[in-house]
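Data first, discussion second: the structure below is written as structure tokens.
The values are calculated or read from the model by the stated rules, or taken from the named source; none is laboratory data. Predicted model, so just to flag it, every value in this text is computed and none were measured. Cβ atoms come from the backbone with ideal geometry, glycine included; neighbour counts cover every protein chain shown. Each accessible area value is taken on the protein alone, full model and side chains, heavy atoms only, with ligands, DNA and RNA left out. Shrake-Rupley method; radii C 1.70, N 1.55, O 1.52, S 1.80 Å.
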Amino acid sequence: MTALRCTGLRRSFGALAAVDGVDLTVAPGARHAVIGPNGAGKSTLFTLLTGTTRADAGVVELAGRDVTRLSEVARCRRGMSQTMQHASVFASLTAAETVLLAVQRHDGGRTGLLPRRRPALRARAEELLDEVGLAGRGDVLAPALSHGERKQLEVALALACRPSLLLLDEPAAGMSPAESARLVALLSALPREITVLFVEHDLDLVFALADAVTVLHLGRVLLSGTPGDVRASEAVREAYLGTGRREELFEA
Ligand SMILES: Nc1ncnc2c1ncn2[C@@H]1O[C@H](COP(=O)(O)OP(=O)(O)O)[C@@H](O)[C@H]1O
Ligand SMILES: [Mg+2]
């Protein structure tokens with residue numbers, strides 16, 4: 001059984017094949033990273049997997065079930081949850097209220113009609129804030145959180161629907177080294193029942209967290225293997241040539 005699998009996945013924009021026949025297998029419990037130079041097709045692949053974008057061809061399977069034709073919401077109901085590259089939050093809500101909203105939505109949105117459920121849902125929201133390292137920050141208005149804290153909040157929102165698979169698009173984008181380290185700690189501490197697939201630029205984070213890595217280049221899979229395989233690959237080295245990230249990848 002695989003947590004997530006795609007075969008022959010394709011998506012073009014006009015003449016450009018952004019994702020050009022991608023096969024990917026994510027093992028249950030994996031911390032699987034997708035990397036590649038800018039424009040490799042990482043974000044497009046991500047949106048095809050989450051259902052945000054329709055594939056031109058190919059199949060996406062979630063825990064062995066074909067979800068290719070399912071919407072983002074339907075995939076979410078089957079255990080797939082995501083955080084976006086750009087965190088967006090409601091300006092007028094606190095961190096705790098924001099998480100509570102997500103917990104309520106998962107609960108079926110009936111909470112307004114069932115006041116007795118509220119304490120349990122509040123407790124769950126508290127627990128989630130705690131889990132992502134935001135204990136004690138619940139009363140802060142979401143826009144007043146630091147960039148790193150907003151990302152932590154995003155993870156809490158994604159966890160609210162109790163996913164079996166968590167997908168993150170560049171979770172460390174724009175983070176300071178300290179924030180990035182906190183994120184690694186948070187993701188490392190997630191239970192292994194939650195499989196994690198993440199797209200990431202920050203190769204330090206990739207090598208700190210991933211046990212499997214897929215390298216995309218020009219819309220295709222250049223290599224899938226262990227972090228060690230990736231560091232040792234001449235083809236990957238070539239793909240990163242001239243991007244300024246090569247040194248990060250190979251001289252650590
Ligand atoms: N909505 C779109 N319309 C047209 N071209 C797009 C669109 N989204 C992505 N592309 C193009 O597809 C290619 C892959 O983009 P993307 O998936 O964002 O790569 P990455 O995330 O690896 O940087 C790029 O050449 C990009 O310009
Ligand atoms: Mg991208």
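So, in the range 27-51, how many residues would count as being under 17 Å from Thr68 (Cα atoms) and touching a Ser or Thr at 6+ places or on another chain (Cβ under 6 Å)?
Going through the range 27-51 one residue at a time, the tally reaches 2.
Conditions: (1) in contact with a Ser or Thr (Cβ under 9 Å, 6 or more places away or on another chain); (2) open to solvent by 40 Å² or more (accessible area, probe 1.4 Å); (3) away from ligand 1 (no atom under 16 Å from the Cβ). Phe13 meets all but one. Number of the miss?
Phe13 satisfies every listed condition except (3).
Look at the range 54-86 and say how many of its residues are in a strand (DSSP E or B), free of Cβ contacts under 8 Å to residues at least 60 places away in the same chain and under 16 Å from Leu4 (Cβ atoms).
Count: 6.
Within the range 110-133, track down each residue that is modelled with pLDDT of 80 or more and aliphatic (A, V, I, L, M).
Ala120, Leu121, Ala123, Ala125, Leu128, Leu129, Val132
Pairs please, first residue from the range 40-53 and more than 6 Å from ligand 1 (Cβ to nearest atom), second anywhere and open to solvent by less than 10 Å² (accessible area, probe 1.4 Å) and assigned to a loop (DSSP other than H, G, I, E, B), Cβ atoms under 9 Å, 6+ apart in sequence or on different chains.
Listed by first residue and then by second, the contacts come to Leu45/Gly219; Gly51/Val67.
Report the residue count in the range 47-72 for those that are within 16 Å of ligand 2 (Cβ to nearest atom) and open to solvent by 10 Å² or more (accessible area, probe 1.4 Å).
Looking only at that region, the number is 3.
So, in the range 4-56, how many residues would count as being over 17 Å from the mean Cα position of the chain (by Cα) and either of a type in the set (Ser, Thr, Tyr) or over 22 Å from Asp211 (Cβ atoms) (or both)?
Summing the residues that are over 17 Å from the mean Cα position of the chain (by Cα) and either of a type in the set (Ser, Thr, Tyr) or over 22 Å from Asp211 (Cβ atoms) (or both) in the range 4-56 gives 21.
Listed here are the residues, each with its yes/no results for (1) within 24 Å of Leu187 (Cα to Cα); (2) in the same structural domain as Leu186 (by TED's automatic domain parsing); (3) touching a helix residue (DSSP H, G or I) at 6+ places or on another chain (Cβ under 6 Å).
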site	(1), (2), (3)
Leu9	no, yes, yes
Ala15	no, yes, no
Ala30	yes, yes, no
Gly36	yes, yes, yes
Ser43	yes, yes, no
Gly58	no, yes, no
Gly64	no, yes, no
Leu70	no, yes, no
Arg77	yes, yes, no
